[in-house]
Every structure is written in C-alpha cells, then in structure tokens.
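Every number in this text was worked out from the coordinates using simple rules, so none of it is lab data. The shown structure was predicted, so the numbers you read here are calculated from the model rather than taken from an experiment. Here the Cβ positions follow ideal geometry from the backbone for every residue, glycine too, while neighbour counts run over all protein chains shown.
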Amino acid sequence: MPKLSIIIPVYNMNGQVNQCLSTIRRTVRLPYEVIIVDDGSAAEARVEVPAAGDDVRVIRCTEHRGFSHAVNTGVRASVGEVVLFLHADILLAPHVAEDMLDALIRDSSIGAVTAVAPRTYALARRLPEMNYQSWTDFAAVAERIRSGGVKPHPEIFAEMIALMVRRDVVESVGFLDEQYTMPPLAAYDYTLRMTKEGYAVASLPNVYVHHDDRVYEWGACEQQEYEKFHAKWGLSLNYSFAPRSDLFPLMDLSREGLRILEIGCACGATLREIGGRNPTARLYGVELNERAAAIAAPFVQILTMNVEELDPADVAERFDYIIMGDVIEHLLDPWAAIRNMRELLVSGGAIIASIPNVAHISNLHNILCGRWTYEDAGLLDRTHFRFFTKYEIIKLFEGAGLAVDEIRAKRFSLDTQWQKFKDELLSLQTVHVNAEDLEAFQWFFRAMRE
C-alpha cells in the first residue's frame, strides 16, 4: 500500500495544527508520515507536538517566508508515494484519506483529488445544511455525505486545504511558485500547472472535511496576488475558468457519443464539466486566447476557425450541439457566423446560446437619462460589437434557417426603485411593454436545425 506523506504548513496556529494532527491519528489507517513545517511562528505560537509513537516531524523555519515556501520545504522532506497537503485548521473524518486515495488510484488519468469543505469550493453549496458542535457530530455529518458514493468531479484547479497528489505528478509539476504568498493563489497556480500538463484534477463532493470558515482579510495583498496570476497566465480568474452549467438544461447531455463544439471555450471548464457527466462525449473547442487554449488542449480537441468567415467544407466533423455562451454579441457579423454554424450541425442538432438583453430595465433607464456608457463588464461591456433584444435574437436564428424551440430568461430580483420604474413603463398607453423583456438580463436560446 502506498505510503502517504501529509504536509501541513503552519504559521502561528499551534492549537489548530494539534487538533488537525489529532484527527489524523484518529482516522488515517494508511501507512503515513506527517511533516509539519513551522513557518517562523512567534515564540509563543511555535508548534509543539505531543508524542504518540507515530512518524511525525516538525521542521522549523527561522523566519516567516510564506505559504508556498513552507509547502515546498515539506515536499523536499517527504518520501511518500502519495502526498496529502492539508491546511492547519482542517479536521479529518473517518475514511477521508482512504476515499481520496481510492479515487486517486482508481483512474490513472487523475493526478490530484481534493475534498470539499464549506465556502472553499462552489461544490460545497450542494451539501446539506450542517450544524455540529463536536468532532463526533462532524464525523456523523461527513458519513452521511459519504453515503452518496465517491464520484470525482472534474476541476481545472483547486485549493490545497485537503489536496492529495500522486508523487509522479509532484515531481513533474515541480514546486509551488514562491512569488505567491496567499494560499488560494499559490494553489490555483500549482494545480493549474497540473491541468496544463494533462493531469486531471478532481474534487470529491462526497468527501467532506471541516475547515475553519473565517474569512481572512488580505487587503492590498489580495489584489497584488491576482495581478501576479494575470501577469503569469494572461488569464482572468473571474472569466476564464467558470463552467457555463447554466446552459446545461437546454441540452440532453446523457446521449451516447455526443459531439459538442464550444465557441470561445476559454480554458475548457464547460466542456470538462460535460465530459465529467458524459465520458462518451467528443469535445471540441474554439479559443482565440492561445494561453487559455493550451490549458484546455489536453482534454479538448482545439479547432482553429473564424466563425464569421468559415467555409463549413473545411471542417470534417458535424456536431449535436454548438455552444455559444456570451459570444454572439462580440462578433462583427453574427449573422454570417450563425449561418456557418448551422452548416456544422447534424440534422436535429442545436445552437445553445446566451446573449445579453439590451432591453433590460437598467439599460432603458440609462437611455431615458441620456446615457449609453460602456463598462468593463455587463450589458454595455466595451468589447460588445452588437446588441440584441429577444425579438432580434429570434430573427437572427430564424434568418439562418434555425428553429427556436426554447427560450429562457436569466433574471435578477428588482429592488423597490426598479419595481416602481417597471410599473411606470408597463402603464404606457402608446406602446406595449412586455414585463419579461424588462426583467431578462440575459436570454438563453436553443435553436435547432430541422
């Protein structure tokens, strides 16, 4: 059985790390070593570990050099075939380490798996409401969650609160980049490098650990870390890595051998999510940002095409779905693009699109106030070339020979001020105003080739 190296970086958290160590000793039944790296803690907070006859080492750094340096120190000292990175304020439940290892070795394409905890992962929001006041109660909650079965969920990157990685992946990817001092950004960078090298990273929604939910105040450091990430990767954490799962209800993703093309696939998060749900799906993407395409490429077939000037005869494949999430408004000639995309659909195939609604009540208010001000994001994103209402979107698709068979609105709740303005617009006598047109911030469309 593989030996497990558990690495825990610590800075002024002696109490928390000993609670963490207590749960390791209580739950882990694999051969293991624990390497605690005290990253220059103050004298009164230095790590002091009670002896228990197991393989626990404390490495003391003479000065505080940050999370990444502490983790790297632990990696250099470790010998296990598998490495488990833990934050000092993590508590483990029974079976966590074993379930993570089982998931890691069951699929050789997976290089790293992560447990989930409140707040830290978006997936944690799917977990049931939980209140526990003791470790015993926490273990019972974790066991109920575990009863759903352990099924990996694909991720592009992950945090390192409880991240298990094969040794060959650690050796291939190398050490954490020590320019990052914040644990989340250091982890995003590290696991993103795994993804780029073709190692799958997966979260385990049914493997739950307790994590201290305090929100740390990083101040100016947080913005600096994001800027470092952007400078290194040329990508925005806010826009390049989120799956468009809001479009999934418009598709039947269960069909065997689906062929799906995403225009503007970014780092492949949407296609990766689809592949996780349907391993038989054949996934293709178009992405102009070469850095983003390089991250998607190990898991997605990247096609080179200009959708506005495409000769469909140059593309060998035909697709069941073509996803165009917030793409059409960025095109100079969306009418030509949609005609071209129609030719790449099989009979019965569909374009799945999301398009901002220029008739949203907030935009009408600004127009009536004499404003049409471009912004960095939103309805009047300065990168938008075209603007559409629901009526004009239908014309766009039907003009290309597609039949719109489903339309959905994405709405945000209106506060009292906007509700009053909506009532005023709906009371107009010389023009009929549709309440849905005012409320829809974005339109989701399915347009089929018959």
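Details
- Relative contact order computed over the range 278-432 (Cα-Cα under 8 Å; 6+ residues apart), in percent: 19 percent
- In the chain, the DSSP-assigned H stretches of four residues or longer account for a calculated mean residue ellipticity at 222 nm of -9500 deg cm²/dmol, using -39500 (n - 2.57) per stretch and the full residue count as denominator.
- If only the Cβ of Lys and Arg carry +1 and only the Cβ of Asp and Glu carry -1, the dipole of the chain around its Cα centre is close to 620 debye.
- Peptides 378-385, 36-43, 22-29 ordered by average Cβ neighbours within 10 Å, highest first: 36-43, 22-29, 378-385
- Overall, the range 4-233 carries a charge dipole of about 400 debye about its Cα centre when +1 sits on the Cβ of Lys and Arg and -1 on the Cβ of Asp and Glu, all other atoms neutral.
- Centre separation in Å (Cα based) which lies between the range 8-80 and the range 384-416: 55 Å
- Student exercise, the range 52-93 dipole from Lys, Arg, Asp, Glu Cβ charges, in Debye to nearest 20: 200 debye
- Close amide H contacts of M305 (hydrogens built in the peptide plane, cut-off under 5 Å, sequence separation of 5 or more or a different chain): none are found.
- Sequence-distant lysines (8 or more away, or on other chains) whose Cα lies within less than 29 Å of K410: K390, K395, K420, K422
- Net charge in the neighbourhood of I260 (other residues with Cβ under 9 Å of its Cβ; Lys, Arg +1, Asp, Glu -1) is 0.
- Helix 135-146 vs. the chain, principal-axis angle (Cα, 0 to 90°, nearest 10): 40 degrees
- Cross-link partners of K196 among aspartates and glutamates, defined as those whose alpha carbon lies under 13 angstrom from its own and excluding same-chain residues fewer than eight positions apart: E155, E290.
- Converting phi to 3J(HN,Hα) with the Karplus coefficients 6.51, -1.76 and 1.60 and the offset θ = phi - 60°, the range 413-420 yields 5, 9, 6, 4, 4, 5, 5, 5 Hz in sequence order, with x at every glycine or proline.
- Rounded to the nearest 10 degrees, the inclination of helix 14-27 to the longest alpha-carbon principal axis of the chain is 90 degrees.
- For the range 237-276, GluC sites (Glu not before Pro) meeting the loop criterion (DSSP other than H, G, I, E, B) and having at most 16 other Cβ atoms within 10 Å: E256.
- Rounded to 5, the percent of DSSP beta bridges in the range 67-207 classed as antiparallel: 70 percent
- Sorted from greatest to least, the principal axis extents spanned by the alpha carbons of the range 4-233 come out as 42, 41, 35 Å.
- Helix 96-106 and the longest principal axis of the Cα set of the chain meet at an angle near 60°.
- Dipole-positive endmost among F138, G378, L303 within the chain (Cβ charges, Cα centre): F138
- Neighbour net charge for W335 - beta-carbon separation under 15 angstrom, K R +1, D E -1: -3
- Antiparallel DSSP beta bridges within the chain, as percent of all bridges there, nearest 5: 40 percent
- Under the combined filter of DSSP loop state and at most 15 neighbouring Cβ atoms within 10 Å, the range 277-363 retains these GluC sites (Glu not before Pro): E308, E309, E317.
- Gain upon complete extension [V346, E450; 0.36 nm per residue less C-alpha separation]: 36.6 nm
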